[in-house]
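Below is one structure, written out as structure tokens, with a few remarks after it.
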Amino acid sequence: MSSSSRVIVALDFANQADVFKLVDQLDPTQCKLKVGKELFAIAGPGLVEQLVSRGFDVFLDLKYLDIPNTVAMACKAAANMGVWMVNVHALGGPNMMTAAKEAILSADHQPILTAVTILTSFDPAQLNAIGLSGSIQDNVVRLAKLAQSSGADGVVCSAQEATELRKHVSKDFCLVTPGIRPAGSKTDDQKRIMTPVEAVQAGSDYLVIGRPITQSSDPLASLLEINQSLS
Ligand code: C5P
């Protein structure tokens, strides 16, 4: 049974044993799970399929960016693993995003397609260095609108961008936001944080949360507390 929770637990682990130490404590009704590049490189589709077969909604966070045909084939392969969400870079352009969407529609199972706009690690100097003019926010809004018109179902963005983005995209366009910290928890290396409640109030649909749950002495209790704060 999949989850109605907005929480996507980021499985930022370097080995499968640590993944299952955590996942064995979790129930698919309480959260979704995110597998990123490091874990996928280590554990591959086998791990993703195990998580899916346990009933978890899995966000395969591989941020594809390549020529349209290659991204389309990668999205179809991800869809056929049974994942719930897959993502691409909006900077891959409209043809690439449209090809990704068409490939997903032709797969046996259709994950949500999200796009990364401008990486939150970018500052104005980085943006300038790759030749993009305008503010980060202008670029985020422009790329989110492009993602929507190219067939993506949503974007991954910082919760700080959610309020502004909500003015420019349709209500059902989903916003997935990392950089979430429950009140009183450690910020780690995240600079601009919001609490789960603030992020949802700003317009986030799904919250990517890693260390406040994965490094907690009682991960299940931390997750349930977050779910409770959102109910
Ligand atoms: O541990 P923490 O909650 O900071 O983890 C956040 C997760 O979201 C990590 O997997 C990180 O890679 C991811 N992420 C992020 N900021 C982005 C995009 C993804 O923190 N802009």
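The values are calculated or read from the model by the stated rules, or taken from the named source; none is laboratory data. Values in this document were obtained by computation on a predicted structure and should not be read as measured data. Cβ sites come from the backbone with ideal geometry, for glycine too, and all protein chains shown count toward neighbours.
Here are a few things to note about the model shown:
- Residue within the stretch 85-101 that is of a type in the set (D, E, K, R), surrounded by fewer than 16 Cβ atoms within 10 Å (Cβ to Cβ), out of contact with any His (no Cβ under 6 Å at 6 or more places or on another chain) and modelled with pLDDT of 95 or more present: no
For (1) of a type in the set (Asp, Glu); (2) crowded, with 18+ Cβ neighbours inside 10 Å; (3) outside any loop (DSSP other than H, G, I, E, B), each residue gets a yes or a no:
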| site | (1), (2), (3) |
| --- | --- |
| Leu143 | no, yes, yes |
| Gly151 | no, no, no |
| Ala162 | no, yes, yes |
| Lys171 | no, no, no |
| Gln190 | no, no, no |
| Ala199 | no, yes, yes |
| Ser204 | no, yes, no |
| Pro212 | no, yes, yes |
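- Residues located in the stretch 71-121, provided they are of a type in the set (S, T, N, Q) and in contact with a strand residue (DSSP E or B) (Cβ under 8 Å, 6 or more places away or on another chain): Asn87, Thr114, Thr117
- Here the stretch 218-231 is the region considered, the condition is being small (Gly, Ala, Ser) and modelled with pLDDT of 95 or more, and the residue that is nearest to the ligand (Cβ to nearest atom) is Ser222.
- Screening Arg166, Arg181, Arg142 for residues that are more than 16 Å from the ligand (Cβ to nearest atom) and either in contact with a strand residue (DSSP E or B) (Cβ under 8 Å, 6 or more places away or on another chain) or among the hydroxyl-bearing types (Ser, Thr, Tyr) (or both) leaves exactly one candidate, Arg166.
- Answer from Lys167, Lys186 - the residue that is farther than 21 Å from Asp12 by Cα, charged (D, E, K, R) and more than 17 Å from the chain's Cα centre (by Cα): Lys167
- Filter pass, Ser121 being within 11 Å of the ligand (Cβ to nearest atom), touching a Gly at 6+ places or on another chain (Cβ under 9 Å) and either under 21 Å from Leu33 (Cβ atoms) or at pLDDT below 95 (or both): no
- Qualifying residue in the stretch 204-214 (condition: within 11 Å of the ligand (Cβ to nearest atom), modelled with pLDDT under 95 and under 20 Å from Lys32 (Cβ atoms)): no
- Residue list for the stretch 40-64, filter: in contact with a Phe, Trp or Tyr (Cβ under 9 Å, 6 or more places away or on another chain) and surrounded by fewer than 15 Cβ atoms within 10 Å (Cβ to Cβ): Ile42
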